[in-house]
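Peer 1: Below is the structure I would like to discuss, written out as structure tokens.
Where a number appears in this text, it was derived from the coordinates with a stated rule and is not lab data. If you're wondering where the values come from, they're calculated on a predicted model, not measured in any experiment. Counting neighbours? That spans all protein chains shown, and the Cβs are built from the backbone with ideal geometry, glycine included.
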Amino acid sequence: MISSTAKVQVIGGGLAGTEAAWQVAQAGIPVILHEMRPIRTSPAHHSQELAELVCSNSFGAMSSDRAAGLLHEELRRLGSIIIQTADQHAVPAGGALAVDRGIFSHQLTETLSNHPLIELKRSEITEIPSEDIVILATGPLTTPSLAADLQKFTGMEYMSFFDAASPIIVGESINQDIAFLASRYDKGDAAYLNCPFNKDQYLQFREALCQAEQAELKDFERETAKFFEGCLPIEELAQRGEETMRYGPLKPIGLFDGRLGDFREPENKEKRPYAVVQLRQEDKQGQLWNMVGFQTNLKWGEQKRVFRLIPGLEKAEFVRMGVMHRNTFINSPQLLDPTLQFKIRPTLLAAGQLIGTEGYTAATAGGWLAGTNAARLVLGLETVTLPETMMMGALFEFISSASPKHFQPMPPNFGILPELTGKIRQKRERYGKYRDRALSDLNEWQLKLNNKQKNLVILS
Ligand SMILES: Cc1cc2nc3c(=O)[nH]c(=O)nc-3n(C[C@H](O)[C@H](O)[C@H](O)COP(=O)(O)OP(=O)(O)OC[C@H]3O[C@@H](n4cnc5c(N)ncnc54)[C@H](O)[C@@H]3O)c2cc1C
């Protein structure tokens, strides 16, 4: 039962919903945040904490000359609780903003639970509340009953693709006589554990991956199975060709075991690995490591058998196995305004992967915008779109990993500029131009936003 006194309700306590609820509360407005876990869990989540990171623990490149880094910086300046908390609990990740996921999510849960204007309710919402200002942030694994109600409300079919998560390994079970610490091109700290293959080992491993048994997809899923090109299962990559993994997650370039000498010395050339599996630190203590780019749909027993063929992982103990599942999203360009309000009901907003944005940082940016606009609706203020520079950041983060077909579901101004699809080099050049004026534009925009808000808060 939904309280009739609530002004704003946020459904879903993932990255988008957590950010959205915080922005509403920080604007001085009471908000109910509905999160179904642990009453009901999803196929990808493992805890009952808010803002759980379901696969990698990385928010992407940190540097503000990269799309993700620019978005981080913009969100930081806009008071994002997600980015602020990520900064506090960062772990070494060679130029990326990666976090200790357990502490990160736990602290966000505590922070939101202790906010006097946030009421955290642990229950599944099965219908879109008809009253109040509502933000839908239930993510790619929105429960079937709410999804059915949303479909009824919009009158539109969902879109979907398949996505997968990588396994996590106990650090002590990794053979560190074989695995070596290094970041690619020695950038930043030596933050990754790298498991090196020679050519024979690589070919055997690929063969085992191609032969391994996959978990069953349901019939209707098999028919429609479209993978997300930025997050392909490792066995799918293995099947695409002998070299595919070596140009993808097993890329050896820039990685050398310093214990073997200086990589610049010609006699050490043949000691360079043929392929490398990278492990990224999961927690501050370095007790857990996730397998970078090892999303998989193999049966769990097969994952253990095949991944233990990786040099250094012969005795690996897994605390989490890889999983694959269907992601659902709505046709945002048709349904939403760039303010993330539904065209047919402006008091209903949506954010996060449910609207087709991909990645932790883009979900956070959408949550920030939906929360800001929900607050502005309560305050009687005009709703806003993301500043152009931030849209560019969102766009570029999104396209750096997505295939063109996934642009479609993004709302018009939240990262869709059709002329920018494809052609990575061209995108990068254009991005450079935007980056240069990004942060100063943001300051101006923020000032305008604050002034408007201040005036109206005083008036109301
Ligand atoms: C398996 C998988 C792997 C991924 N890997 C990565 C990655 O490595 N890096 C990256 O940047 N991005 C990754 N993504 C994408 C990224 O997770 C999402 O973009 C981001 O988490 C989306 O945030 P969100 O808030 O929209 O959804 P979520 O984080 O999924 O949050 C939605 C929340 O809503 C809750 N919920 C659902 N239905 C209901 C309901 N009816 N009532 C109440 N609560 C409900 C869920 O329990 C959940 O807590 C991955 C996604 C998946 C699914």
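Peer 1: Treating the Cα atoms of segment 165-323 as identical point scatterers in vacuum, please give the log10 of the normalised Debye intensity I(q)/I(0) at q = 0.20 Å⁻¹, two decimals.
Peer 2: Listed by q, the Debye log ratios stand at -1.36.
Peer 1: Still on this structure: Between residue 344 and residue 284, what FRET efficiency follows from the Cβ-Cβ distance if R0 is 51 Å, with the result rounded to 0.05?
Peer 2: In this case the efficiency is close to 0.65.
Peer 1: Given points 7 Å out from each Cα along the Cα-Cβ axis, report the residue 131 to residue 114 separation in nanometres with one decimal.
Peer 2: Between residue 131 and residue 114, the label points sit 3.2 nm apart.
Peer 1: 5 Å is the cut-off here: which amide hydrogens, built 1.01 Å from N in the peptide plane, fall below it relative to residue 314, excluding neighbours closer than 5 in sequence?
Peer 2: 175
Peer 1: By average Cβ neighbour count within 10 Å, what is the ranking of 313-320, 270-277, 324-331 from highest down?
Peer 2: Descending mean neighbour count gives 324-331, 270-277, 313-320.
Peer 1: Another question, if that's okay. Quick check: convex hull of the Cα atoms in segment 63-216, volume per residue, rounded to a whole Å³?
Peer 2: Values: hull volume 34.6 nm³, N = 154.
Dividing the Cα hull volume of segment 63-216 by its residues yields 224 Å³.
Peer 1: From the cross-link list 199/271; 121/152; 7/152; 199/269; 187/251; 271/315, which pairs have alpha carbons spaced over 19 Å apart? Before the final figure, lay out each step's value.
Peer 2: Working: 199/271 11 Å; 121/152 25 Å; 7/152 24 Å; 199/269 14 Å; 187/251 16 Å; 271/315 24 Å.
Distance filter (> 19 Å) returns 121/152; 7/152; 271/315.
Peer 1: Of the listed peptides 20-33, 347-360, 251-264, 41-54, what is their order by residue-averaged count of other C-beta atoms within 10 Å, with the highest listed first?
Peer 2: Sorting 20-33, 347-360, 251-264, 41-54 by mean packing, highest first, produces 347-360, 20-33, 41-54, 251-264.
Peer 1: Now, a different point. Rounded to the nearest 20 debye, what is the charge dipole size of segment 271-389 about its Cα centre when +1 sits on each Lys and Arg Cβ and -1 on each Asp and Glu Cβ?
Peer 2: 580 debye
Peer 1: I need to check one value: relative contact order of segment 33-159, counting alpha carbon pairs closer than 8 Å and at least 6 residues apart, in percent.
Peer 2: 29 percent
Peer 1: Determine the relative contact order of segment 84-177: mean sequence separation of Cα pairs under 8 Å and six or more apart, normalised by residue count, in whole percent.
Peer 2: Taking the mean separation of contacting Cα pairs over the length of segment 84-177, I get 14 percent.
Peer 1: For segment 163-214 and segment 2-63, write down the distance between their C-alpha centroids in whole Å.
Peer 2: Measuring centre to centre over Cα atoms gives 33 Å.
Peer 1: Let me ask something additional. Report, in debye and to the nearest 20, how large the dipole of segment 283-337 comes out about its Cα centre when Lys and Arg carry +1 and Asp and Glu carry -1 on their Cβ.
Peer 2: The calculated dipole for segment 283-337 is roughly 260 debye.
Peer 1: Same structure again: Based on Cβ point charges of +1 for Lys and Arg and -1 for Asp and Glu, what charge dipole magnitude is obtained for segment 41-140 about its Cα centre, in debye rounded to the nearest 20? Can you show the working numbers first?
Peer 2: Working: 6 positive and 13 negative charges, 60 e Å.
Using Cβ point charges on Lys, Arg, Asp and Glu, segment 41-140 gives about 280 debye.
Peer 1: Let me ask you something else. At 0.36 nm per residue, minus the direct Cα-Cα distance, what do residue 47 and residue 198 gain on full extension? Give it in nm, one decimal, please.
Peer 2: Length gained between residue 47 and residue 198: 50.6 nm.
Peer 1: Given a Förster distance of 22 angstrom, what is the FRET efficiency for residue 320 paired with residue 251, based on the Cβ-Cβ distance and rounded to 0.05?
Peer 2: 0.40
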